[in-house]
Amino acid sequence: MEDSVPPLSLNFDDTKKAFSHKSDAELRKTYRLFRLMRHSGLVNIGSAIGNAVIGLDIGLVNRIIKSTIFEQFCGGESLLDCQATIDHLYKYHTQTILDYGLEGKSSEEDIEHIKDEVIKAIDLAASNASVPVVSIKISGLADNATLEAVQLNQQTPRQEEQYQKLLNRLHEICERASELKVGVFVDAEESWIQNTIDDLVMTLMLRYNHKSCIVFNTFQMYRHDRLEFLKQSHQNAQENGIFLGAKLVRGAYMEKERDRAEEGGYLSPIHITKKEVDHDFDEALRYCVEHIADISMCCASHNIASNQLLAQLVEEHSIERSNPHINFCQLYGMSDYISFNLAQEGYNVAKYVPYGPIKEVVPYLIRRAKENTSVTGEMGRELTYLTKELARRQLG
Ligand SMILES: Cc1cc2nc3c(=O)[nH]c(=O)nc-3n(C[C@H](O)[C@H](O)[C@H](O)COP(=O)(O)OP(=O)(O)OC[C@H]3O[C@@H](n4cnc5c(N)ncnc54)[C@H](O)[C@@H]3O)c2cc1C
């Protein structure tokens, strides 16, 4: 840290700012939901019910899900539904990243539908200053077996054809995004399909990132090879005269990755300790800030220390807080104490807002509920801050 720059006095404890977007009734409702989710037994039962009813149109269950966990973590069932959420967030200086939440689809019809929805989201983003980016998952635009076969270079002629179709879909999406100057975040996924994703994203960046940063790859810093990969991607971008789009995350598939590595008898790509992950994440933040002229970055994290570090680095390097290459992002319904406090201080902040028919977003909701059963660490903070704000408003 440079001596001349005083530590930034960012206060994530300011629950008044953090929850000013919530009425008393909404605050109470959110508090009750987070309290319920703390009980892993309840979450497990809820998840089992959720899994069992996916695809069944059970009115009562749908209504319960909709008025509780869906309302907390999703923007709506359709793009049109999301407009109210988008406008509400924007009133509090926070932008929206639209994320069409369909998962695990493999039929041609479903995949085409997802692509069409992404293009509709780009069109909506183009007419809303409050929506700078849409997010996509490559596994939503092709079947997993194809992505895995391409990575192993063992694809059948039919899979080669599927891969070509995937590439065409991605060009269709990015062409529109480039024309309308909307960003596209490509999510990172499991390591056995990630090389395929990385190659595709680099191909897209080489085509669309010449004048500005349209396409972003995601770097999972829980992998021990990703800091180096971030630097290599940057070098590649520099050699080709393009911007590198870098969304930094810790990574969401740790257990799955470790289980598969153990079963397959290979070294897990995941760091052994959380400390190493935190180290690499923070190094990645530093690297991106040091090369901010040609890297457009997003710190996609709920970790207070990492968000604080990025804010501090921005001050140290005398970068404008609103520089379009510096972005913070959290999931809708979570870590409002980070998002809204940063937004009020003038940093670029966005919420990832998933949307889609309730039965299709159940797997996403189950992941959010499970993540929030933890009473320690970052997730445990949610309830602490909600409790604090209830007390401040004398609602406790
Ligand atoms: C806006 C946004 C977009 C996201 N997009 C993606 C995406 O595209 N792909 C993706 O994979 N994830 C994505 N995530 C999820 C992300 O990877 C993390 O799982 C989640 O955000 C928790 O990490 P954290 O930095 O917020 O907080 P923290 O609570 O500080 O970190 C928790 C994370 O640390 C890691 N970790 C925990 N314990 C250990 C351990 N013992 N050893 C090694 N590592 C450990 C895991 O990655 C775990 O998820 C996204 C998250 C956000 C907020």
Practice problem: Collect residues whose amide H, placed 1.01 Å from N in the peptide plane, falls under 5 Å from the amide H of Ser78; neighbours closer than 5 in sequence don't count. | Solution: Gly356
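Relative contact order of the chain: what whole-number percent is it, with Cα pairs under 8 angstrom and at least 6 residues apart?
Values: 619 pairs, mean separation 104.5, N = 396.
Relative contact order comes out at 26 percent.
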Quiz item: Taking 0.36 nm per residue of separation and subtracting the Cα-Cα distance, what length does fully extending Asp81 through Ser127 add?
Solution: 15.0 nm
Quiz item: For the chain, what is the Kirkwood estimate of the hydrodynamic radius, computed as the reciprocal of the mean inverse distance between distinct Cα atoms, to one decimal in Å?
Solution: 21.8
Self-check item: Most mobile of Asp143, Asp259, Asp87 in a GNM of the chain (Cα contacts under 10 Å)
Solution: Asp259
Practice problem: Hey, can you grab everything whose amide H is under 5 Å from the amide H of Ile97? Only 5+ residues off in sequence or another chain; H modelled, so Pro and N-termini drop out. | Solution: Lys351, Tyr352, Val353
Quiz item: Within the set Lys181/Lys351; Lys16/Lys137; Lys115/Lys275, which residue pairs have Cα atoms separated by over 28 Å?
Solution: Lys16/Lys137; Lys115/Lys275
Exercise. Read phi for every residue in segment 283-298 and hand back ³J(HN,Hα) as whole Hz from Karplus 6.51 cos²θ - 1.76 cosθ + 1.60, θ = phi - 60°, with x for Gly and Pro.
Key: 5, 5, 4, 4, 4, 5, 5, 5, 10, 5, 5, 10, 10, 9, 10, 9
Self-check item: Fraction of antiparallel bridges per DSSP, the chain only, in percent to nearest 5
Solution: 5
Practice problem: Enumerate the calculated ³J(HN,Hα) couplings along segment 214-231 in order (Karplus 6.51 cos²θ - 1.76 cosθ + 1.60, θ = phi - 60°), each rounded to whole Hz, writing x wherever the residue is Gly or Pro. | Solution: 9, 9, 10, 8, 10, 10, 8, 7, 6, 8, 6, 9, 7, 5, 5, 5, 4, 5
Quiz prompt | Per-residue HN-Hα couplings for segment 324-332 [Karplus 6.51, -1.76, 1.60; θ = phi - 60°; Hz; x = Gly/Pro] | solution = x, 7, 10, 9, 10, 8, 10, 6, 4
Quiz item: Using 7 Å Cα-to-Cβ label points, what is the Arg207/Arg258 separation (nm, one decimal)?
Solution: 3.9
Quiz item: For segment 68-90 and segment 147-178, what is the separation of their Cα centres, given in Å?
Solution: 31
Quiz prompt | the chain, helix-only ellipticity at 222 nm - DSSP H runs n ≥ 4, -39,500 (n - 2.57), divided by all residues, nearest 500 | solution = -17500 deg cm²/dmol
Quiz prompt | Full-stretch length increase - Glu239, Gln154 - with 0.36 nm per residue and alpha-carbon distance subtracted | solution = 27.6 nm
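Taken together, the values in this text are just the output of simple stated rules run on the coordinates, not laboratory data. This structure is a prediction, so every number in the text was calculated from the model and none was measured. Note that we place each Cβ from the backbone using ideal geometry, even for glycine, and neighbour counts take in every protein chain shown.
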